[in-house]
Amino acid sequence: MKISWSPLFKGLMPVMLGISLTACQSEEVAAPPPTAVPAPEKAEPAPEPAVQTPVYTAPLTGLAVEQPDLARPVAVMINNAPAARPQSGLAEADMIYEVLAEGGITRLVAIYQSYHGDATIGPVRSIRPYLITLGETVNGLLVHAGGSTDAYAILQNGNKEHLDEITNASAPFWRDSSRKAPHNLYTNEQKLRKTAADKGYTEQVTLPVYPFLPVEDKAQSAKAESSTNVDSSSVSDESVTAAAVSSAESGSSPEASSPAVADAKQVDSIQLKYLLDSYTVGYTYDAASGLYTRSMNNKPHIDLNTKQPLTAANVIVLGADYKVLDDVGRLSLNLDAGGEALLFQQGRMIRGEWSRTEGDVIRFRSGGQETPLVPGVTYYNIVPNHPSFDSHLTINGEKLEENG
């Protein structure tokens with residue numbers, strides 16, 4: 001039978017077909033439009049870590065310490081004869097003075113203030129009047145084994161607080177049988193302080209204030225342009241604490257700088273001779289550590305405790321007048337007149353002068369103002385003014401008096 005479509009139905013067919021196709025398409029999952037990939041952001045450079053400035057610093061070194069320390073310095077007379085080397089405990093000292101003694105030999109005065117421990121120190125040797133003065137510039141407790149007649153007179157007449165292995169304090173000392181006397185007498189800081197306390201000696205004193213470069217700016221000292229001069233001879237305990245607290249802002253003890261630093265000469269090798277060829281002291285600068293390695297007669301000057309060479313952040317060479325007093329060759333040393341001086345720090349040599357007023361420490365100035373020290377150990381080498389100050393020094397392999 002033939003099917004006949006009505007005109008109306010024929011007109012609806014296209015519409016129905018369109019609806020059917022749309023329904024079918026709606027059942028399919030539509031593909032999401034493509035997502036735009038953002039361009040990678042430019043990485044910001046990581047911020048440099050902030051320099052941690054110390055809250056407190058040691059008054060004689062400018063190095064960071066955990067808390068204020070007003071302990072009295074201990075000034076130990078150290079033997080520097082060949083038979084006494086290598087010495088023990090010099091690496092723990094805050095500062096060291098080297099001076100002439102009888103016969104052209106030298107003696108060391110090692111100052112301990114920030115170190116508190118049982119490291120062996122020595123060999124301990126006898127005292128002289130000018131060694132008393134050096135120890136007392138920092139209000140130190142004097143430690144020795146014997147002394148000249150003049151030195152004993154000063155100690156007794158002045159009622160000086162001192163520890164002498166021979167006359168008043170054998171307890172903190174001992175002898176090392178591996179060496180021959182008198183080059184075998186030793187002590188340590190803990191025993192010395194205990195004995196001093198047992199004797200009722202002063203345990204805290206007024207400490208000197210030195211200018212130090214901020215720890216984080218040590219490498220920038222050659223660019224220093226401004227200064228805060230420190231001329232006070234000493235300060236009270238409260239002032240030392242205040243100065244230590246202020247280091248939280250400056251990074252060190254009271255700060256100063258000298259324009260002369262900018263014109264300082266580059267020097268990597270220093271040799272100085274006191275009188276005898278066998279007492280030639282050397283310092284070689286190491287740029288990586290910023291320290292000077294000390295030598296004696298072209299051999300590293302070793303600390304027996306650490307088996308490592310001694311190092312210093314600052315080396316100061318001072319010219320002073322020595323005078324022979326007797327047939328034994330005992331000397332006097334003028335520590336009041338001041339004179340020529342050289343400061344070596346961070347591989348540079350700075351010319352200046354040294355001075356010391358009553359009750360104060362030795363201070364180095366250049367261009368009329370005190371030059372700040374690099375935080376760390378300082379060696380003071382006091383050479384004779386004669387035949388001339390420069391004649392004792394060889395710089396970078398050339399005589400200073402020839403090199404200028």
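No value in this document is a laboratory result; all are computed from the given coordinates. Please read these numbers as outputs of a predicted model, since none were measured by experiment. Neighbour counts run over all protein chains shown; Cβ positions are idealised from the backbone, glycine included.
Could you give me the ³J(HN,Hα) list for the stretch 275-283, computed from phi with Karplus coefficients 6.51, -1.76, 1.60 and θ = phi - 60°, whole Hz, x at Gly and Pro?
Per-residue couplings from phi come out as 9, 8, 4, 7, 10, 9, 9, x, 9 Hz.
Provide the per-residue ³J(HN,Hα) series for the stretch 79-92, in order, calculated from phi with Karplus coefficients 6.51, -1.76, 1.60 and θ = phi - 60°, each as a whole number of Hz, with x at glycine and proline positions.
5, 10, 5, x, 5, 8, 8, x, 7, 10, x, 5, 5, 8
Please give the peptides 305-311, 135-141, 203-209 ranked by average Cβ packing (other Cβ atoms within 10 Å per residue), highest first, as a rough proxy for protection.
Going from most to least packed, we get 135-141, 203-209, 305-311.
Which residues' amide hydrogens lie under 5 Å from the amide hydrogen of VAL205, considering only partners 5 or more residues apart or on another chain, with H built in the peptide plane?
Amide H to amide H, under 5 Å and 5 or more residues apart or across chains, VAL205 pairs with ARG72.
Using amide H atoms built in the peptide plane, which far-off residues or other-chain residues are under 5 Å from ARG128 H to H?
It is none; the list stays empty.
Express in nm, to one decimal, how much length is gained between GLU401 and ASN297 on full extension, taking 0.36 nm for each residue of separation and deducting their alpha carbon distance.
35.4 nm
By per-residue mean of other Cβ atoms within 10 Å, what is the highest-first order of 182-192, 292-302, 88-98?
88-98, 182-192, 292-302
Of the peptides 376-382, 57-63, how do they stack up when ordered by the mean number of other Cβ atoms within 10 Å, highest first?
Descending packing order for the listed peptides: 57-63, 376-382.
Grab the Cα-Cα distance for GLU203 and ASP321, subtract it from 0.36 nm times how many residues apart they are, and report the gain in nm with one decimal.
39.1 nm
I'd like the Karplus ³J(HN,Hα) series for the stretch 133-144: coefficients 6.51, -1.76, 1.60, θ = phi - 60°, whole numbers in Hz, and an x wherever there's a Gly or Pro.
Couplings: 4, 4, x, 7, 4, 9, 6, x, 7, 7, 10, 7 Hz.
Just how large is the dipole of the stretch 104-218 about the Cα centre, in debye to the nearest 20, putting +1 at every Lys and Arg Cβ and -1 at every Asp and Glu Cβ?
Computed about the Cα centre, the dipole is about 420 debye.
Roughly how many nanometres apart are two label points built 7 Å out from the Cα toward the Cβ at GLU358 and GLN156?
The answer from the label model is 2.6 nm.
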